[in-house]
Amino acid sequence: MEPQTAVAPRDSGFSEGSGRLAGTYSAETCVAVGRPASVEHYKAAMVLSGTGDALGYKNGNWEFCRSGPTIQKELQALGGLKKIRVQLPDWPVSDDTVLHLATAEALATGKDGEDLLHEVAARYVEGMKDMVGRAPGATTMKAVSQLRPGLKGGYRVPYNPRGAGCGAAMRSMCIGLRYPRPDQLSTLVAVALETGRMTHNHPIGFLGSVASALFTSYAVQRRPITTWGLGLINKACPAARKFVQDRGFDVEETERDWGYFSDKWQWYLDQRGISDGKGPVVWPSAYGPAERDKIYKTFSLSGWAGACGHDAPMIALDALLGAGSDWEELMSRATFHGGDSDSTAVIACCCWGLLHGTEGVPKGNYSNLEYRERLERCAEQLYALSR
């Protein structure tokens, strides 16, 4: 869920290239060369994303808790992560997974161009019927009520100067599963941007959608994690800006508010010492739960860490950089913190599943997850379409 936050006919971008998937890359922060993403990795990505959502949400108790140490203490009282069985009624998924599924199931139809956008809009409308007890964001609810799928321009909503929340970022990871190849960047950007601004028509909001989709595509490509942020600001953001200009929709308003997203990401890369995409990663001298709560707030726009389009994927990336292949460490950093914990978790856990599968994840964390079968079915369909 995201808060309302106050902030200041060339290539359409929908055509796909036919190039081959890039080779794998090696780095200390990524998986080893020789393990290309398989259908099992795709399934792990979708399912573990839902797991991170359910754990970060905890029926609303942890998503809205502003203290990471408090969450960690409650987690230990439950016996720790290994003891938790994520299943109904205690551990439902939130609006994040419902809308991620809506995006994924639309992509799985194989439609493209405006047909795809109308399909996504229709599934967002349908998804809003499944929001009891899932805490959907006010921005998302209002925008979806304005969608008119099937009508000309019906997948667009008015520009929203308060639409900087993370509601688009939390549901777009599957776009990177559908369009994972480097030569598909323009398509990935176009789909992530247009589906993102169906509810978050503000550059901080819809560029968050681009970031989440881009990061999953990079995970499929096995790019070193230290390079992901650089690719976002040097390649994806310029491509997104050109797409907005070429499409001619809300250009003036978008240009006015464009700068914050890239500027804040450049600041983050400087903080971590990865502005060159290489590292080594620079960490604070102390970075436990209490320290992370304070530092994550410096990422944020509103003081609620992870609640906006720029810092939800930022916290997810930070967690991936620090956790390596350790599932519990990933969850500690991406999920059990005093911010918008389920929205940062869905992004981080999706990417982690692509890199590591379910290795090291307690089966109780995911075997009885709500909507697991739908998530796995989407993963299989997206994998087939991506080949």
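Values quoted throughout were computed directly from the atomic coordinates according to the rules given, and no laboratory measurement underlies them. Owing to the predicted nature of the structure, the values given are computational and were not obtained by experimental measurement. Cβ coordinates were reconstructed from backbone atoms using ideal geometry, including for glycine residues, and neighbour counts include every protein chain displayed.
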Inset, instruction - State to the nearest 20 debye the size of the charge dipole of the chain about its Cα centre, where the only charges are +1 on K and R beta carbons and -1 on D and E beta carbons. - result: 200
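Sequence gap at least 6, Cα distance under 8 Å: using those rules, report the relative contact order of region 172-232 to the nearest whole percent. Display every interim value, and only then the final one.
Values: 69 pairs, mean separation 26.0, N = 61.
Relative CO of region 172-232 lands at 43 percent.
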Inset, instruction - Report the trypsin sites (Lys or Arg not before Pro) located in region 100-162 that are in a DSSP loop and have at most 12 other Cβ atoms inside 10 Å of their Cβ, or state none. - result: Lys152
Legend entry - Cross-link reach list, lysines versus Lys152, counting only Cα pairs under 18 Å and skipping chain neighbours closer than eight places: Lys111
Inset, instruction - Provide the three semi-axes, in whole Å and in decreasing order, of the ellipsoid equivalent to region 160-290 as defined by the square roots of 5 times the Cα gyration tensor eigenvalues. - result: 24, 18, 14
Legend entry - FRET efficiency estimate (nearest 0.05) - Cβ-Cβ, Asn368 to Glu255, R0 51 angstrom: 0.60
Inset, instruction - Go through Lys73/Lys294; Lys58/Lys129; Lys73/Lys297; Lys129/Lys363; Lys73/Lys129; Lys73/Lys264 and tell me which ones have a Cα-Cα distance over 23 Å in this structure. - result: Lys129/Lys363; Lys73/Lys129; Lys73/Lys264
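Give the relative contact order (percent, whole number) for region 157-205; include only Cα pairs under 8 Å separated by 6+ residues. Walk me through the numbers before you get to the answer.
Details: 51 pairs, mean separation 31.7, N = 49.
Relative contact order, region 157-205: 65 percent.
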